[in-house]
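A.B. asks: Below is a structure I'd like to ask you about.
Values quoted throughout were computed directly from the atomic coordinates according to the rules given, and no laboratory measurement underlies them. All figures in this text were calculated on a predicted structure; none of them were measured in a lab. Don't worry about glycine lacking a Cβ; one is built from the backbone with ideal geometry, like all the others, and counts go over all protein chains shown.
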Amino acid sequence: MINEDMIMSGKNMGAAQVPHLAVWDIHSGKEITTLAPGPRAVAGEVHCVAVINENTIVSGGGDKSLRIW
């Protein structure tokens, strides 16, 4: 959970199934935005997401790595 109005989840996109993070509005159920991984993306799907503070998000990937966003 980001705050009382938004949550975050993993999302695979494109033919290569590149992992992204999606931000969702809790009340409407609509996707607000998607965060792209950049050049050092993890391989495989996103298994977990933790919001550390307003500037730092950590995700765990299917390749057993952590990515700091």
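A.B. asks: Can you pull the one-decimal nm distance between simple spin-label points at GLU54 and HIS27, each 7 Å off the Cα toward Cβ?
C.D. replies: Each label point is offset 7 Å from its Cα along the Cβ direction, giving 2.0 nm.
A.B. asks: Could you work out how far apart the two model spin labels at ALA36 and ASP5 are, taking each label as a point 7 Å from the Cα in the direction of the beta carbon, and quote it in nm?
C.D. replies: Result for the modelled spin labels: 2.6 nm.
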